[in-house]
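Okay, structure first, notes after.
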Amino acid sequence: MQVFIPIWFGQLVSQIGSGLTRFALGVWVYQVTGTVTQFALISVFGMLPGILISPLAGAVVDRWDRRWAMLLGDAGGGLSALTIALLLIANRLEVWHIYLAVALRSIFSAFQWPAFSATTTLLVPKRHLSRASGMVEMAEATSRLISPILAGALVVTIQIQGVILLDCVTFLFALITRLLVRFPKPQITLENKVQKNSLLHEIIYGWTYITARPALFGLLMFYAVRNFFIGVVSVLVTPLVLAFASTTVLGSVLSIGGGGMLVGSLAISTWGGPNNRIYGVFGFTLLGGLCILLAGLMPSVPVFFAAIFIYFFGLAVINGCDRAIWQSKVAPAVQGRVFAVRRMLSWASLPLAYLIAGPLADRVFEPLLAVGGPLAASIGRIIGVGRGHGIALLFVVMGMLTMLTTIAGYLYPPLRLLEAQLPDA
């Protein structure tokens with residue numbers, strides 16, 4: 001843990017810097033274009049390239065020294081941010097530059113993420129993996145809580161280019177922390193000997209490792225389906241809240257969500273999570289679906305505050321338990337490949353969710369609950385009619401589907417009995 005903490009702290013500082021840049025670039029694109037579609041494309045370009053390259057990145061990470069893979073991710077992200085800052089200073093920045101920069105950053109992150117996850121397994125004793133996962137969630141929660149508030153103040157004082165240059169400094173800090181720490185190497189196992197001469201074989205091996213274990217494959221599919229529903233919800237949080245409250249309230253709602261995630265990550269860091277971690281995943285996913293359902297069924301500011309705090313609290317516990325399951329059940333020597341495939345498949349549904357959420361809300365659900373709409377006289381009596389109520393109905397649907405997915409996952413024996421039947425690596 002003494003070796004893990006400096007690496008984790010460097011990651012925390014880097015994530016706060018990345019949050020500053022995300023906020024600043026989002027403000028810039030929205031101010032320049034005035035369109036939500038081009039704003040949403042930042043998320044698509046920031047995720048899709050990394051998802052596509054993940055299998056290759058995972059195989060490369062298992063071949064390389066994992067510290068150098070993490071250094072590559074930090075250096076690439078820092079150079080992308082520096083390029084954007086220089087273009088801003090020269091007054092030559094265009095929207096397509098941002099799309100290209102976030103796409104490159106996504107690719108570099110695809111190397112860094114599996115290397116960091118696999119390294120954690122080598123550094124942290126098995127009994128502390130849930131706590132380490134909680135600390136990783138704490139870093140993300142801190143970024144969600146601090147970055148928007150800090151970036152909003154810094155954009156006014158040092159302008160957008162100053163904010164992005166500050167992000168470059170945080171990447172440099174993360175680089176230094178990694179250079180100061182010696183990383184252990186994984187022990188040579190049978191899994192580590194799979195035809196090192198064939199990169200293609202190693203890429204495929206990550207997939208075959210998972211599919212040979214029905215419990216892990218079931219967990220992967222559970223996350224892929226759940227992430228689709230969550231992706232739709234995450235895109236529509238802003239328009240739902242703004243339909244019933246001001247932008248100030250929206251900022252408060254998002255900050256409360258970050259606070260909930262921070263409290264949840266602190267809880268799992270100290271508590272360590274339930275002994276049967278898959279029950280932690282099921283229980284808090286079910287609770288999260290209920291929060292989404294209630295936010296749509298009773299759209300109001302107090303409900304938004306309560307729902308988003310509880311949801312993000314549970315999300316920290318879910319992610320901590322899930323990460324600890326994979327780190328304990330997958331052999332350290334092949335975690336780069338396996339975690340990369342896991343990331344690609346579980347996140348593959350998110351860009352699709354981002355792309356269809358807007359049209360689904362604007363063209364289907366909002367007209368259904370417009371004044372005089374097809375469902376105004378039935379469901380409209382419960383939820384209400386008018387602007388935002390169609391999105392609220394979509395939240396109800398996504399919440400119910402999330403809960404049904406959780407029940408289906410629990411009824412699948414290999415997944416429910418994962419901890420008992422699948423031995424630790």
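All of the numbers you see were taken from the coordinates with simple rules; none came from a lab. Just so we're clear, the structure is a prediction, and the values are computed from it rather than from any experiment. Cβ sites come from the backbone with ideal geometry, for glycine too, and all protein chains shown count toward neighbours.
Points worth noting:
- Between the beta carbons of Arg387 and Phe9, assuming R0 = 45 Å, the FRET efficiency works out to 0.50 to the nearest 0.05.
- √(5λ) per eigenvalue of the Cα gyration tensor, region 206-425, largest first, Å: 34, 19, 15
- Lys, Arg +1 and Asp, Glu -1 on Cβ, resulting dipole of the chain about Cα centre, debye, nearest 20: 740 debye
- Simple label model, 7 Å out from Cα along Cβ direction - Met221 to Ile407, nm: 1.9 nm
- Calculated P(r) tail over 33 Å for the chain, as whole % of Cα pairs: 33 percent
- Debye log10 I(q)/I(0) at q = 0.13 Å⁻¹ for region 1-180, Cα point scatterers: -0.66
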